[in-house]
Amino acid sequence: MPDQLIFAIEVFLNGLMAGVLYALVALGFVLIYKASGIFNYAQGVLALFAALTLVGIMEGQVPFSHLINAVFGTEIHNFGFHVPALLAIALTMVVMVVLAWLVNTLIFRHLVNQEPIILFMATIGLAYFLEGFGDIMWGADIKKLDVGLPQGINGFIDQITLDALGYGFFIDNLDLVATAVAALLVTALVIFAQYTRQGRAMRAVADDHQAALSVGISLNFIWVMVWSLAGFVALVAGIMWGTKSGVQFSLSLIALKALPVLMLGGFTSIPGAIVGGLIIGVGEKMFEFLIGPLVGGATENWFAYVLALLFLVFRPQGLFGEKIIERV
Amino acid sequence: MLDAPEGYTTEDGRKIGGVVMEMKNITLRFGGVVAIKDISFDIREGEIRAIIGPNGAGKSSMLNVISGFYNPQEGEVWYKGAKRPPMKPYQVARQGIARTFQNIALFDGMSVLDNIMTGRIRQMNAGLFSQALWKGRAEREEVENRGAVEKIIDFLEIQHIRKTPVGRLPYGLKKRVELARALAAEPSILLLDEPMAGMNVEEKEDMSRFVLDVNDEFGTTIVLIEHDMGVVMDLSDRVVVMDYGRKIGDGTPDEVRTNQAVIDAYLGVAHD
């Protein structure tokens with residue numbers, strides 16, 4: 001097999017893996033959008049906040065320690081214990097559910113029946129607030145997150161490809177784990193949305209508030225549930241991205257990468273978020289590999305957005321989005 | 001006969017039971033506007049109770065009070081022998097009071113089947129975690145409820161559209177799907193807000209037949225608002241007449257028809 005082709009396959013595989021990580025972030029957007037019609041700008045910050053909280057709990061950090069020290073002149077930073085990863089993840093999830101309840105009770109319950117643009121502005125406000133809040137609570141330094149996920153080159157794949165093709169593929173273990181987790185998450189979410197009582201109620205609330213009330217669905221319960229789910233997906237994305245590149249402010253910017261994924265997959269489709277993520281991941285890696293050298297490289301920065309633009313022009317509802325039905 | 005506490009038997013032999021819901025001195029205001037003023041009436045088990053009146057009389061407001069969308073400033077709602085505290089609409093729905101809307105409120109993006117399944121929420125008790133962990137129970141529940149829904153689909157003759165997204169249906173069928181969703185809840189009281197508004201003669205006849213059949217087959221208590229006097233007089237056992245937020249008549253269709261206040265409200269009074 002020619003070297004060029006083998007290399008292309010490796011790039012393709014790595015593209016798929018990167019796509020999975022994009023999709024994980026996009027999923028959070030889709031969930032909230034499906035159930036409340038809100039485009040949640042804060043999803044990226046939610047992932048950052050979840051990762052910060054997770055690290056903080058694992059390290060036994062005292063929340064707001066900088067603030068406490070500044071006000072009272074004390075010097076406390078740590079409780080002096082470490083929490084095991086699994087327990088810390090569970091505790092972080094509890095924090096995310098409380099956050100979901102607060103977000104709904106303090107903000108979105110008061111904005112029922114407002115224009116989508118107003119809800120969108122509220123999420124921008126939420127994003128900036130949460131960013132600062134996360135900083136005050138856990139500190140602004142770059143943190144290392146290690147919940148025990150395997151990292152580095154997968155020796156097995158390296159070995160068999162080396163034996164078979166004479167060239168060892170570099171596939172990161174973390175990417176493999178992320179793929180498995182994403183597959184599991186999506187399956188669970190699709191089953192949840194399509195076949196469970198709460199899932200159906202979630203779709204119902206997204207469609208018509210009055211009708212949902214009239215069949216006995218509590219809007220507040222569904223909204224808190226949806227924000228909790230989004231918090232959960234944010235936590236998973238935060239763990240994956242945080243393990244990969246450290247927990248720091250730039251984590252919140254991955255939300256921007258999710259935008260083109262959403263344009264492709266459609267804002268209302270969970271499988272769409274996955275396929276969209278994969279197309280963007282593979283597309284930008286392959287484009288860089290094949291066309292990049294001809295145009296001087298650095299295509300990864302813009303490829304996704306141009307692709308999204310094309311979709312906006314020719315298929316605005318995305319690949320899997322709900323068709324816009326209107327009877328006249 | 002209408003005052004008999006244990007109920008009565010109609011001319012066509014249907015048994016009407018005791019009082020299931022009673023409105024006592026209901027007053028509802030929006031700021032300075034009085035939408036409902038001091039209205040009292042009762043609803044008996046198994047009857048078809050109509051609320052009629054000219055536009056703006058407060059009929060829909062009354063229905064919204066019953067279904068909990070509005071909470072009246074004064075007065076009491078008694079349901080199944082107990083005074084009902086102020087409630088959210090979803091809580092009222094869970095007590096077995098289902099409704100349809102004047103301007104159809106369906107879930108447009110979902111199929112007819114899924115729309116009707118949402119009506120079964122009251123009957124599905126498997127919690128979030130048992131649905132995730134204990135597949136058997138959730139699955140059995142889904143199958144049982146699906147069976148009940150299919151019966152309603154057959155009953156209302158909408159088998160051919162069960163997989164169609166509701167947004168694509170014509171108006172008349174949407175109304176029927178909305179009725180199906182309300183029925184799926186197996187309500188003890190079914191509230192219909194102008195079920196025949198905007199329909200042609202044929203559709204109206206179909207809908208009238210369904211309303212009667214539902215009442216007959218399931219013994220469902222039905223409260224309906226309707227403009228078409230012919231329909232009201234044919235369908236209902238007892239009629240409440242409202243005008244400018246007040247009750248001006250209450251009784252059998254024949255009694256109401258001959259009530260001078262009602263005639264005045266509908267035909268106008270000569271001022272000399």
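Taken together, the values in this text are just the output of simple stated rules run on the coordinates, not laboratory data. Given the structure is predicted, the values throughout are model-derived calculations rather than measurements. Note that each Cβ is placed from the backbone with ideal geometry, even for glycine, and that neighbours are counted across all protein chains shown.
Between A:Met121 and B:Trp78, the distance separating the two model label sites (each 7 Å from Cα on the Cα→Cβ line) works out to 5.0 nm. Take B:Glu150 and B:Tyr8, extend 7 Å from each Cα along the Cα→Cβ direction, and tell me the distance between the two endpoints in nm. Each label point is offset 7 Å from its Cα along the Cβ direction, giving 4.3 nm.
Work out which helices of chain A, taken as complete DSSP H runs, extend at least 27 Å along their axis over the Cα atoms and score a mean Kyte-Doolittle of 1.6 or more, then list them. Walk me through the intermediate numbers first.
Numbers: long enough: A:3-36 (50 Å, 1.58); A:85-106 (31 Å, 2.43); A:116-138 (32 Å, 1.41); A:173-195 (33 Å, 1.77); A:219-245 (38 Å, 1.42); A:270-290 (30 Å, 1.37).
Qualifying helices, which must be both long enough and hydrophobic enough, are A:85-106, A:173-195.
Considering only B:Asp38, B:Asp254, B:Asp237, the mean-square fluctuation computed in a Gaussian network model of chain B, springs between alpha carbons under 10 angstrom, is largest for B:Asp254.
Taking every residue in B:84-90 and counting other chain Cβ atoms within 10 Å of its Cβ, the average works out to 4. Close amide-amide hydrogen proximity is noted between B:Val20 and B:Ile43, B:Arg44, B:Glu45, each under 5 Å apart and 5 or more residues distant or on a separate chain (H modeled in the peptide plane; Pro and chain starts excluded). For the peptides A:59-71, B:64-76, the ranking by packing is B:64-76, A:59-71, with the highest mean count of neighbouring Cβ atoms within 10 Å listed first.
Can you sort B:Lys247, B:Lys174 so the residue with the fewest Cβ neighbours within 10 Å comes first?
On the way: B:Lys247 23, B:Lys174 20.
Arranged by neighbour count, lowest to highest, B:Lys247, B:Lys174 become B:Lys174, B:Lys247.
Site pair A:Ala90 and A:Ala183 shows an inter-label distance of 2.7 nm when each label is modelled 7 Å from Cα along Cα→Cβ.
Find out how many positive minus negative residues lie around A:Ile153, taking Lys and Arg as positive, Asp and Glu as negative, among other residues whose Cβ is under 13 Å from that of A:Ile153. Walk me through the numbers before you get to the answer.
Numbers: positive: none; negative: A:Glu10, A:Asp158, A:Asp172, A:Asp175.
Once positives and negatives cancel, what remains is -4.
For the protein assembly as shown, DSSP calls about 60 percent of its internal beta bridges antiparallel. Counts of other chain beta carbons within 10 angstrom of each beta carbon in peptide A:282-289 average 0. Which whole-number percent gives the relative contact order of chain B, counting Cα pairs below 8 Å spaced six or more residues apart? Once divided by the residue count of chain B, the mean separation gives 25 percent. Peptide A:202-211 shows a mean partner chain C-beta count of 6 within 10 Å per residue C-beta.
Length gain on complete extension for the stretch A:Phe133 to A:Phe314, per 0.36 nm per residue less the alpha carbon to alpha carbon distance? Please report the intermediate quantities before stating the final value.
On the way: separation 181, 0.36 × 181 = 65.16 nm, distance 4.05 nm.
Fully extending the segment from A:Phe133 to A:Phe314 adds 61.1 nm.
In the elastic network of chain A, a GNM with C-alpha springs shorter than 10 Å, the most mobile of A:Ala258, A:Ala47, A:Ala180 is A:Ala180.
Of the residues B:Ile52, A:Leu99, B:Phe101, the one whose Cα sits farthest toward the positive end of the charge dipole of the protein assembly as shown, with +1 on the Cβ of Lys and Arg and -1 on the Cβ of Asp and Glu, is A:Leu99.
Treating only the Cβ atoms of Lys and Arg (+1) and Asp and Glu (-1) as charged, compute the dipole magnitude of chain B about its Cα centre; round to the nearest 20 debye. Mind dumping the intermediate values first?
On the way: 34 positive and 41 negative charges, 282 e Å.
The dipole of chain B has a size of about 1360 debye.
Dividing the helix sum by the residues of chain A, where each DSSP H run of 4 or more adds -39500 (n - 2.57), gives a mean residue ellipticity at 222 nm of -23500 deg cm²/dmol.
Kindly express, to the nearest 10 degrees and within the range 0 to 90, the angle between helix B:135-155's C-alpha long axis and the longest C-alpha principal axis of chain B. Here the helix axis deviates by roughly 50 degrees. Taking a point 7 Å from the Cα of B:Ala197 along the Cα-to-Cβ direction, the residues of segment B:222-258 with backbone N closer than 15 Å to it are B:224-229. Computed extension length for B:Glu205-B:Glu157: 15.9 nm, one decimal, from 0.36 nm per residue of separation with the Cα-Cα distance subtracted. Residue-wise HN-Hα couplings along segment B:61-73, as the Karplus relation 6.51 cos²θ - 1.76 cosθ + 1.60 with θ = phi - 60° gives them from phi, are 4, 4, 4, 5, 5, 4, 8, x, 6, 10, 10, x, 6 Hz; Gly and Pro carry x. Among A:Ser252, A:Ser214, A:Ser228, whose mean-square fluctuation peaks in a Gaussian network model of chain A (Cα, cutoff 10 Å)? It is A:Ser214. In this structure the amide hydrogen of B:Ile51, modeled in the peptide plane, comes within under 5 Å of the amide hydrogens of B:Leu224, B:Ile225, B:Glu226, B:Val240, none closer than 5 places in sequence on its chain.
Among the GluC sites (Glu not before Pro) in segment A:226-328, those placed in a DSSP loop whose Cβ has at most 10 other Cβ atoms within 10 Å are A:Glu326.
Using the Cβ-Cβ distance between B:Ala261 and A:Ile191 with R0 = 51 Å, the FRET efficiency computed as 1/(1 + (r/R0)^6) comes to roughly 0.30. Listing A:Trp302, A:Trp138 from fewest to most neighbouring C-beta atoms within 10 Å gives A:Trp302, A:Trp138.
Structure note, pairs B:Lys151/B:Lys175; B:Lys24/B:Lys247; B:Lys24/B:Lys59; B:Lys24/B:Lys174: Cα-Cα distances above 24 angstrom occur for B:Lys24/B:Lys174.
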